[in-house]
Amino acid sequence: MQERKDNFATEQRGLHDGHRERMRGKFRTYGDKVFATYELLEMLLYHIIPYRDTNPTARRLMNRFATLDGLSLATRDEILEVEGIGEKTADFLVNVFKIYKRLEETDVLFAGERIIEKTSAGDFFVNYFKTFKTGSGGEEQRTVAAMLDSDMRLLAIVEPYAFDFGSGAVQSRPFIDAAVAAHATTVIIAHNHPYGPLFPSQADRASNALVCSDLANAGITLAEHYVVCADEYVCIMNKEVNLKLSSTGARSLSSIDRLCFMDGSYLLRTDEKISVLLDVLSLILKGEKAKKTTSALAERFARLCDVFYADSYVLREIIDSETDIIFLKIFFAIFVRRRTDRFVFGRTHTEEEIAEYFTLLLGLEPVEKVYLMVFDSKLRPKSCEFVAEGTVDTSSLPPRRMLEIAKRHGACGIAIAHNHPSSGVAPSGDDIGATVSAKSLFESVGIKFLSHYIVSSSDYCIIDENEVRYKKDV
(Lines give C-alpha, C1' and ligand atoms only; values in the text may rest on other atoms or scores of the structure.)
Protein backbone atom coordinates (compact mmCIF):
# COMPACT_ATOMS: atom_id res chain seq x y z
CA MET A 1 0.00 0.00 0.00
CA GLN A 2 2.79 2.42 0.96
CA GLU A 3 4.64 1.59 -2.25
CA ARG A 4 1.51 2.43 -4.28
CA LYS A 5 1.18 5.79 -2.47
CA ASP A 6 4.84 6.56 -3.13
CA ASN A 7 4.46 5.69 -6.82
CA PHE A 8 1.35 7.86 -7.08
CA ALA A 9 3.14 10.77 -5.39
CA THR A 10 6.08 10.38 -7.79
CA GLU A 11 3.75 10.36 -10.81
CA GLN A 12 1.93 13.46 -9.58
CA ARG A 13 5.24 15.23 -8.93
CA GLY A 14 6.39 14.42 -12.46
CA LEU A 15 3.16 15.70 -14.00
CA HIS A 16 3.26 18.88 -11.97
CA ASP A 17 6.96 19.49 -12.62
CA GLY A 18 6.07 19.42 -16.32
CA HIS A 19 3.38 22.06 -15.75
CA ARG A 20 5.81 24.27 -13.85
CA GLU A 21 8.42 24.01 -16.58
CA ARG A 22 5.80 24.90 -19.19
CA MET A 23 4.79 27.94 -17.12
CA ARG A 24 8.42 29.02 -16.71
CA GLY A 25 9.04 28.48 -20.42
CA LYS A 26 6.06 30.68 -21.27
CA PHE A 27 7.38 33.32 -18.86
CA ARG A 28 10.86 33.18 -20.45
CA THR A 29 9.39 33.55 -23.94
CA TYR A 30 6.61 36.11 -23.42
CA GLY A 31 7.34 37.82 -20.10
CA ASP A 32 4.88 38.61 -17.33
CA LYS A 33 2.27 40.60 -19.29
CA VAL A 34 0.61 37.46 -20.72
CA PHE A 35 -0.16 36.11 -17.23
CA ALA A 36 -3.10 36.88 -14.99
CA THR A 37 -2.18 38.15 -11.54
CA TYR A 38 -3.09 34.85 -9.85
CA GLU A 39 -0.77 33.00 -12.29
CA LEU A 40 2.18 35.19 -11.28
CA LEU A 41 1.32 34.47 -7.65
CA GLU A 42 1.10 30.76 -8.51
CA MET A 43 4.66 30.84 -9.89
CA LEU A 44 5.95 32.83 -6.92
CA LEU A 45 4.65 30.07 -4.65
CA TYR A 46 6.69 27.44 -6.54
CA HIS A 47 9.64 28.46 -4.40
CA ILE A 48 8.00 27.75 -1.05
CA ILE A 49 5.67 24.89 -2.14
CA PRO A 50 8.03 22.62 -4.09
CA TYR A 51 5.70 19.88 -5.37
CA ARG A 52 1.99 20.57 -4.79
CA ASP A 53 -0.12 22.34 -7.43
CA THR A 54 -0.07 26.01 -6.40
CA ASN A 55 -2.67 27.21 -8.92
CA PRO A 56 -5.71 26.53 -6.67
CA THR A 57 -3.90 28.12 -3.72
CA ALA A 58 -3.13 31.28 -5.70
CA ARG A 59 -6.75 31.50 -6.87
CA ARG A 60 -8.03 31.14 -3.30
CA LEU A 61 -5.68 33.90 -2.12
CA MET A 62 -6.91 36.28 -4.82
CA ASN A 63 -10.57 35.35 -4.17
CA ARG A 64 -10.09 35.95 -0.45
CA PHE A 65 -8.15 39.25 -0.65
CA ALA A 66 -9.31 40.50 -4.10
CA THR A 67 -6.08 42.32 -5.03
CA LEU A 68 -2.36 42.13 -4.36
CA ASP A 69 -2.78 45.24 -2.21
CA GLY A 70 -5.41 43.37 -0.20
CA LEU A 71 -3.05 40.44 0.25
CA SER A 72 -0.23 42.78 1.30
CA LEU A 73 -2.40 44.19 4.11
CA ALA A 74 -3.46 40.76 5.37
CA THR A 75 -2.10 39.49 8.67
CA ARG A 76 -0.31 36.17 9.01
CA ASP A 77 -3.37 34.69 10.75
CA GLU A 78 -5.69 35.85 7.96
CA ILE A 79 -3.43 34.27 5.33
CA LEU A 80 -3.38 31.02 7.32
CA GLU A 81 -7.16 30.86 7.07
CA VAL A 82 -6.89 30.23 3.32
CA GLU A 83 -7.08 26.55 2.37
CA GLY A 84 -3.71 25.17 1.28
CA ILE A 85 -1.65 27.73 3.19
CA GLY A 86 0.68 26.44 5.89
CA GLU A 87 2.85 28.35 8.34
CA LYS A 88 5.95 28.41 6.09
CA THR A 89 3.95 29.74 3.16
CA ALA A 90 2.24 32.39 5.31
CA ASP A 91 5.61 33.55 6.66
CA PHE A 92 7.02 33.64 3.12
CA LEU A 93 4.17 35.81 1.80
CA VAL A 94 4.33 38.19 4.76
CA ASN A 95 8.08 38.56 4.19
CA VAL A 96 7.67 39.17 0.43
CA PHE A 97 5.18 41.99 0.98
CA LYS A 98 7.38 43.53 3.67
CA ILE A 99 10.14 43.75 1.06
CA TYR A 100 7.70 45.31 -1.43
CA LYS A 101 6.83 47.91 1.20
CA ARG A 102 10.51 48.73 1.64
CA LEU A 103 10.89 49.14 -2.12
CA GLU A 104 8.05 51.65 -2.17
CA GLU A 105 9.12 53.52 0.96
CA THR A 106 12.70 54.00 -0.20
CA ASP A 107 11.66 54.65 -3.83
CA VAL A 108 14.55 52.43 -4.83
CA LEU A 109 13.36 51.65 -8.32
CA PHE A 110 11.62 54.81 -9.39
CA ALA A 111 13.88 57.61 -8.12
CA GLY A 112 14.96 60.04 -10.83
CA GLU A 113 18.64 60.17 -11.71
CA ARG A 114 20.77 63.27 -11.21
CA ILE A 115 21.34 65.27 -14.39
CA ILE A 116 24.98 65.99 -15.21
CA GLU A 117 25.96 68.94 -17.41
CA LYS A 118 29.34 69.42 -19.06
CA THR A 119 30.14 72.39 -16.86
CA SER A 120 29.57 70.45 -13.65
CA ALA A 121 31.04 67.14 -14.86
CA GLY A 122 34.57 68.57 -14.89
CA ASP A 123 34.35 69.56 -11.22
CA PHE A 124 32.92 66.15 -10.45
CA PHE A 125 35.91 64.34 -12.01
CA VAL A 126 38.42 66.67 -10.31
CA ASN A 127 36.97 65.60 -6.96
CA TYR A 128 36.70 61.97 -8.05
CA PHE A 129 40.40 61.54 -8.81
CA LYS A 130 41.41 63.28 -5.57
CA THR A 131 39.79 60.42 -3.65
CA PHE A 132 42.35 57.84 -4.82
CA LYS A 133 45.87 58.16 -3.42
CA THR A 134 49.07 56.16 -3.83
CA GLY A 135 51.07 54.89 -0.87
CA SER A 136 53.21 58.04 -0.98
CA GLY A 137 50.15 60.26 -0.88
CA GLY A 138 50.11 61.16 -4.56
CA GLU A 139 47.12 60.81 -6.84
CA GLU A 140 46.62 57.46 -8.61
CA GLN A 141 46.40 57.33 -12.39
CA ARG A 142 42.91 56.14 -13.39
CA THR A 143 40.36 56.10 -16.22
CA VAL A 144 36.64 56.47 -15.45
CA ALA A 145 33.46 56.60 -17.57
CA ALA A 146 30.09 58.09 -16.66
CA MET A 147 27.14 56.24 -18.23
CA LEU A 148 24.17 58.47 -19.02
CA ASP A 149 20.90 58.39 -20.90
CA SER A 150 20.25 60.83 -23.74
CA ASP A 151 18.88 63.41 -21.27
CA MET A 152 22.29 63.30 -19.51
CA ARG A 153 20.85 61.55 -16.46
CA LEU A 154 23.56 59.64 -14.63
CA LEU A 155 23.08 55.86 -14.69
CA ALA A 156 26.46 54.56 -13.49
CA ILE A 157 30.13 55.36 -12.91
CA VAL A 158 32.53 52.62 -14.02
CA GLU A 159 36.30 52.20 -14.33
CA PRO A 160 37.08 50.22 -17.49
CA TYR A 161 40.85 50.54 -16.95
CA ALA A 162 43.19 50.99 -14.01
CA PHE A 163 46.08 52.31 -16.14
CA ASP A 164 46.87 55.33 -18.29
CA PHE A 165 44.33 56.00 -21.04
CA GLY A 166 47.12 57.05 -23.39
CA SER A 167 49.20 53.90 -22.85
CA GLY A 168 48.23 52.47 -26.23
CA ALA A 169 46.60 49.41 -24.62
CA VAL A 170 43.10 50.88 -24.47
CA GLN A 171 40.32 48.93 -26.19
CA SER A 172 36.71 49.95 -26.79
CA ARG A 173 34.93 46.79 -25.68
CA PRO A 174 34.88 47.51 -21.91
CA PHE A 175 33.27 50.91 -22.57
CA ILE A 176 30.67 49.38 -24.90
CA ASP A 177 29.93 46.50 -22.50
CA ALA A 178 29.46 48.93 -19.60
CA ALA A 179 27.15 51.18 -21.62
CA VAL A 180 25.00 48.27 -22.75
CA ALA A 181 24.75 46.92 -19.18
CA ALA A 182 23.63 50.35 -17.90
CA HIS A 183 21.21 50.93 -20.84
CA ALA A 184 23.23 54.08 -21.57
CA THR A 185 23.07 56.03 -24.82
CA THR A 186 25.73 58.57 -23.85
CA VAL A 187 29.19 58.24 -22.27
CA ILE A 188 31.56 60.78 -20.72
CA ILE A 189 35.16 59.63 -20.23
CA ALA A 190 37.74 61.14 -17.90
CA HIS A 191 41.31 60.21 -17.09
CA ASN A 192 43.92 61.99 -15.01
CA HIS A 193 47.54 63.05 -15.40
CA PRO A 194 48.60 63.09 -11.74
CA TYR A 195 51.95 64.71 -12.42
CA GLY A 196 51.11 66.64 -15.58
CA PRO A 197 51.01 67.88 -18.15
CA LEU A 198 47.38 69.00 -18.12
CA PHE A 199 46.90 68.92 -21.88
CA PRO A 200 46.13 65.65 -23.73
CA SER A 201 48.98 63.82 -25.43
CA GLN A 202 48.87 62.53 -28.99
CA ALA A 203 48.37 59.02 -27.55
CA ASP A 204 45.38 60.32 -25.54
CA ARG A 205 43.86 61.77 -28.71
CA ALA A 206 44.46 58.60 -30.74
CA SER A 207 42.91 56.36 -28.05
CA ASN A 208 39.98 58.75 -27.72
CA ALA A 209 39.34 58.69 -31.49
CA LEU A 210 39.32 54.88 -31.47
CA VAL A 211 36.87 54.63 -28.56
CA CYS A 212 34.66 57.40 -29.96
CA SER A 213 34.40 55.65 -33.34
CA ASP A 214 33.66 52.22 -31.87
CA LEU A 215 31.04 53.62 -29.49
CA ALA A 216 29.36 55.40 -32.42
CA ASN A 217 29.26 52.12 -34.36
CA ALA A 218 27.40 50.65 -31.38
CA GLY A 219 24.90 53.52 -31.37
CA ILE A 220 26.43 55.17 -28.29
CA THR A 221 27.53 58.82 -28.16
CA LEU A 222 30.80 59.89 -26.56
CA ALA A 223 29.71 63.33 -25.32
CA GLU A 224 33.01 64.51 -23.84
CA HIS A 225 36.43 63.38 -22.63
CA TYR A 226 38.12 65.19 -19.75
CA VAL A 227 41.81 65.21 -18.88
CA VAL A 228 42.32 66.16 -15.24
CA CYS A 229 45.41 67.40 -13.45
CA ALA A 230 45.15 68.60 -9.84
CA ASP A 231 42.38 71.24 -9.75
CA GLU A 232 42.24 71.78 -13.51
CA TYR A 233 40.79 70.00 -16.52
CA VAL A 234 40.54 70.29 -20.29
CA CYS A 235 38.11 68.76 -22.79
CA ILE A 236 39.46 66.61 -25.63
CA MET A 237 36.21 66.60 -27.59
CA ASN A 238 35.98 70.40 -27.69
CA LYS A 239 37.74 71.65 -30.83
CA GLU A 240 38.95 74.67 -28.91
CA VAL A 241 40.51 72.97 -25.90
CA ASN A 242 39.06 74.93 -23.04
CA LEU A 243 41.03 75.23 -19.79
CA LYS A 244 38.82 75.47 -16.73
CA LEU A 245 39.90 75.77 -13.12
CA SER A 246 37.86 73.82 -10.60
CA SER A 247 35.69 76.33 -8.75
CA THR A 248 36.25 76.68 -5.03
CA GLY A 249 32.59 75.89 -4.53
CA ALA A 250 32.77 72.53 -6.28
CA ARG A 251 30.48 69.93 -4.75
CA SER A 252 32.11 67.22 -2.73
CA LEU A 253 31.44 63.60 -3.73
CA SER A 254 29.63 62.95 -0.48
CA SER A 255 27.01 65.55 -1.41
CA ILE A 256 26.19 64.07 -4.82
CA ASP A 257 22.97 62.12 -4.52
CA ARG A 258 23.07 58.33 -4.82
CA LEU A 259 26.84 58.03 -5.29
CA CYS A 260 28.92 56.36 -2.62
CA PHE A 261 32.31 54.74 -2.27
CA MET A 262 32.29 50.96 -2.49
CA ASP A 263 35.18 48.55 -3.12
CA GLY A 264 37.30 51.17 -4.88
CA SER A 265 34.67 52.33 -7.37
CA TYR A 266 31.72 54.68 -7.51
CA LEU A 267 28.38 53.05 -8.14
CA LEU A 268 24.81 54.27 -8.14
CA ARG A 269 23.95 52.79 -4.78
CA THR A 270 23.20 53.40 -1.12
CA ASP A 271 23.50 51.01 1.80
CA GLU A 272 19.70 50.88 1.91
CA LYS A 273 19.51 49.61 -1.68
CA ILE A 274 22.13 46.95 -1.01
CA SER A 275 20.13 45.89 2.05
CA VAL A 276 16.92 45.59 0.00
CA LEU A 277 18.69 43.52 -2.66
CA LEU A 278 20.08 41.23 0.06
CA ASP A 279 16.56 40.77 1.47
CA VAL A 280 15.29 39.73 -1.95
CA LEU A 281 18.13 37.27 -2.55
CA SER A 282 17.73 35.82 0.95
CA LEU A 283 14.34 34.51 -0.17
CA ILE A 284 16.13 32.05 -2.47
CA LEU A 285 19.74 31.87 -1.23
CA LYS A 286 21.16 31.20 2.19
CA GLY A 287 23.70 32.98 4.37
CA GLU A 288 27.06 33.75 2.85
CA LYS A 289 25.95 32.83 -0.68
CA ALA A 290 23.23 35.50 -0.55
CA LYS A 291 25.79 38.09 0.61
CA LYS A 292 28.33 37.18 -2.08
CA THR A 293 25.68 37.23 -4.80
CA THR A 294 24.43 40.61 -3.57
CA SER A 295 27.95 42.07 -3.79
CA ALA A 296 28.48 40.60 -7.26
CA LEU A 297 25.18 42.01 -8.55
CA ALA A 298 25.90 45.40 -6.97
CA GLU A 299 29.23 45.51 -8.80
CA ARG A 300 27.70 44.42 -12.10
CA PHE A 301 24.60 46.63 -12.30
CA ALA A 302 24.11 50.37 -12.04
CA ARG A 303 20.59 50.36 -10.61
CA LEU A 304 18.54 47.88 -8.65
CA CYS A 305 15.90 47.74 -11.36
CA ASP A 306 18.65 46.70 -13.83
CA VAL A 307 19.08 43.46 -11.85
CA PHE A 308 15.45 42.53 -12.44
CA TYR A 309 15.36 43.64 -16.08
CA ALA A 310 18.70 42.10 -17.10
CA ASP A 311 18.68 39.34 -19.69
CA SER A 312 18.92 35.85 -18.22
CA TYR A 313 22.24 35.14 -19.92
CA VAL A 314 23.75 38.17 -18.13
CA LEU A 315 22.40 37.12 -14.72
CA ARG A 316 23.67 33.59 -15.35
CA GLU A 317 27.22 34.92 -15.02
CA ILE A 318 26.45 35.50 -11.33
CA ILE A 319 23.44 33.29 -10.46
CA ASP A 320 23.92 29.68 -11.57
CA SER A 321 20.30 28.54 -11.14
CA GLU A 322 17.84 29.33 -13.95
CA THR A 323 15.00 28.75 -11.48
CA ASP A 324 16.40 31.42 -9.15
CA ILE A 325 16.75 33.87 -12.06
CA ILE A 326 13.11 33.37 -13.04
CA PHE A 327 12.07 33.79 -9.41
CA LEU A 328 13.75 37.23 -9.30
CA LYS A 329 11.90 38.28 -12.43
CA ILE A 330 8.55 36.98 -11.12
CA PHE A 331 9.18 38.69 -7.79
CA PHE A 332 9.66 42.01 -9.58
CA ALA A 333 6.74 41.39 -11.97
CA ILE A 334 4.40 41.04 -9.00
CA PHE A 335 5.79 44.25 -7.48
CA VAL A 336 4.99 46.14 -10.70
CA ARG A 337 1.65 44.32 -11.08
CA ARG A 338 0.68 45.33 -7.56
CA ARG A 339 1.02 48.98 -8.59
CA THR A 340 -0.70 48.66 -11.97
CA ASP A 341 -3.55 46.58 -10.48
CA ARG A 342 -4.63 49.68 -8.57
CA PHE A 343 -5.88 50.96 -11.91
CA VAL A 344 -9.42 49.59 -12.15
CA PHE A 345 -10.76 48.77 -15.61
CA GLY A 346 -14.42 49.49 -16.22
CA ARG A 347 -14.29 52.82 -14.40
CA THR A 348 -13.85 56.33 -15.75
CA HIS A 349 -10.27 57.60 -15.49
CA THR A 350 -8.64 60.92 -16.26
CA GLU A 351 -5.87 61.21 -18.85
CA GLU A 352 -3.42 61.75 -16.01
CA GLU A 353 -4.48 58.49 -14.31
CA ILE A 354 -4.14 56.62 -17.59
CA ALA A 355 -0.71 58.17 -18.17
CA GLU A 356 0.41 57.16 -14.67
CA TYR A 357 -0.81 53.60 -15.35
CA PHE A 358 1.30 53.43 -18.51
CA THR A 359 4.27 54.91 -16.65
CA LEU A 360 4.08 52.09 -14.09
CA LEU A 361 3.47 49.48 -16.78
CA LEU A 362 6.21 50.52 -19.20
CA GLY A 363 8.41 53.17 -17.63
CA LEU A 364 11.23 50.86 -16.55
CA GLU A 365 11.22 48.50 -19.53
CA PRO A 366 14.74 48.34 -21.04
CA VAL A 367 13.44 48.16 -24.63
CA GLU A 368 10.64 50.00 -26.41
CA LYS A 369 7.25 48.28 -26.19
CA VAL A 370 3.86 49.26 -27.54
CA TYR A 371 0.51 48.66 -25.80
CA LEU A 372 -3.07 49.25 -26.88
CA MET A 373 -5.80 50.27 -24.41
CA VAL A 374 -9.42 49.78 -25.50
CA PHE A 375 -12.41 51.79 -24.24
CA ASP A 376 -16.16 51.18 -24.11
CA SER A 377 -18.91 53.50 -25.40
CA LYS A 378 -18.60 55.67 -22.27
CA LEU A 379 -14.82 55.87 -22.82
CA ARG A 380 -14.01 53.73 -19.80
CA PRO A 381 -10.90 51.53 -20.16
CA LYS A 382 -11.84 47.89 -20.78
CA SER A 383 -8.48 46.22 -21.33
CA CYS A 384 -4.84 46.83 -22.21
CA GLU A 385 -2.77 44.47 -24.37
CA PHE A 386 0.78 44.17 -25.70
CA VAL A 387 1.11 45.02 -29.40
CA ALA A 388 4.76 45.00 -30.42
CA GLU A 389 8.36 45.51 -29.35
CA GLY A 390 10.91 47.79 -30.95
CA THR A 391 11.23 51.33 -32.31
CA VAL A 392 7.87 53.00 -32.80
CA ASP A 393 7.35 53.55 -36.52
CA THR A 394 4.72 52.41 -38.96
CA SER A 395 6.15 48.89 -39.27
CA SER A 396 6.12 48.26 -35.50
CA LEU A 397 2.43 49.15 -35.19
CA PRO A 398 0.96 46.31 -37.24
CA PRO A 399 -2.55 47.38 -38.31
CA ARG A 400 -3.97 43.87 -38.35
CA ARG A 401 -2.73 43.13 -34.82
CA MET A 402 -4.14 46.39 -33.43
CA LEU A 403 -7.50 45.95 -35.16
CA GLU A 404 -7.72 42.34 -33.93
CA ILE A 405 -7.27 43.49 -30.33
CA ALA A 406 -9.79 46.32 -30.71
CA LYS A 407 -12.43 44.17 -32.43
CA ARG A 408 -12.03 41.31 -29.94
CA HIS A 409 -12.89 43.67 -27.09
CA GLY A 410 -15.64 45.53 -28.96
CA ALA A 411 -13.73 48.80 -28.65
CA CYS A 412 -15.47 52.11 -29.19
CA GLY A 413 -12.23 53.99 -28.56
CA ILE A 414 -8.52 53.21 -28.26
CA ALA A 415 -5.28 54.73 -26.97
CA ILE A 416 -1.76 53.57 -27.74
CA ALA A 417 1.29 53.89 -25.51
CA HIS A 418 4.99 53.21 -25.79
CA ASN A 419 8.07 53.89 -23.69
CA HIS A 420 11.38 55.66 -24.25
CA PRO A 421 13.84 53.53 -22.22
CA SER A 422 16.91 55.79 -22.32
CA SER A 423 15.67 59.23 -23.24
CA GLY A 424 13.09 61.87 -22.54
CA VAL A 425 9.49 61.67 -23.65
CA ALA A 426 9.61 64.27 -26.43
CA PRO A 427 8.08 62.60 -29.52
CA SER A 428 10.26 61.86 -32.53
CA GLY A 429 9.20 62.22 -36.13
CA ASP A 430 8.44 58.48 -36.18
CA ASP A 431 6.27 58.87 -33.07
CA ILE A 432 4.22 61.60 -34.76
CA GLY A 433 3.96 59.55 -37.95
CA ALA A 434 2.80 56.48 -36.01
CA THR A 435 0.15 58.59 -34.28
CA VAL A 436 -1.22 59.93 -37.56
CA SER A 437 -1.29 56.43 -39.10
CA ALA A 438 -3.04 54.88 -36.07
CA LYS A 439 -5.62 57.67 -35.94
CA SER A 440 -6.44 57.24 -39.64
CA LEU A 441 -6.63 53.45 -39.30
CA PHE A 442 -9.06 53.34 -36.39
CA GLU A 443 -11.28 56.18 -37.47
CA SER A 444 -11.68 54.48 -40.87
CA VAL A 445 -13.44 51.59 -39.08
CA GLY A 446 -15.50 53.78 -36.75
CA ILE A 447 -13.30 53.50 -33.63
CA LYS A 448 -12.36 56.76 -31.92
CA PHE A 449 -8.62 57.39 -31.55
CA LEU A 450 -8.09 59.09 -28.18
CA SER A 451 -4.39 59.62 -27.49
CA HIS A 452 -0.85 58.36 -27.90
CA TYR A 453 1.09 58.24 -24.62
CA ILE A 454 4.89 58.29 -24.47
CA VAL A 455 6.32 57.42 -21.06
CA SER A 456 9.63 57.09 -19.24
CA SER A 457 10.32 55.98 -15.68
CA SER A 458 9.07 59.25 -14.20
CA ASP A 459 7.60 61.37 -16.98
CA TYR A 460 5.15 61.27 -19.87
CA CYS A 461 3.67 63.23 -22.75
CA ILE A 462 0.36 62.85 -24.57
CA ILE A 463 -0.02 63.29 -28.33
CA ASP A 464 -3.59 64.22 -29.19
CA GLU A 465 -4.54 65.51 -32.65
CA ASN A 466 -1.74 67.99 -33.50
CA GLU A 467 -1.02 68.85 -29.86
CA VAL A 468 1.68 67.47 -27.58
CA ARG A 469 1.08 67.91 -23.87
CA TYR A 470 3.69 67.11 -21.26
CA LYS A 471 3.21 65.98 -17.68
CA LYS A 472 3.77 69.43 -16.23
CA ASP A 473 1.06 70.85 -18.53
CA VAL A 474 -1.63 68.26 -17.77
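Considering (1) of a type in the set (Gly, Ala, Ser); (2) within 17 Å of LEU103 (Cα to Cα); (3) free of Cβ contacts under 8 Å to residues at least 40 places away in the same chain, the lone condition that GLY363 does not fulfil carries the number (3). The helices (runs of 4 or more DSSP H) found entirely in the stretch 288-370 that carry 3 or more residues being under 26 Å from PRO398 (Cβ atoms) are 322-340, 351-362. Filtered by the rule that a residue be among the polar types (S, T, N, Q) and modelled with pLDDT of 90 or more, the stretch 295-349 gives SER321, THR323, THR348. Note on the stretch 340-381: among residues that are among the small types (Gly, Ala, Ser) and on the phi < 0 side of the Ramachandran plot, the one that is surrounded by the most Cβ atoms within 10 Å (Cβ to Cβ) is ALA355.
The values are calculated or read from the model by the stated rules, or taken from the named source; none is laboratory data. The model shown is predicted, which means the values in this text are computed figures rather than measured ones. Neighbour counts run over all protein chains shown; Cβ positions are idealised from the backbone, glycine included.
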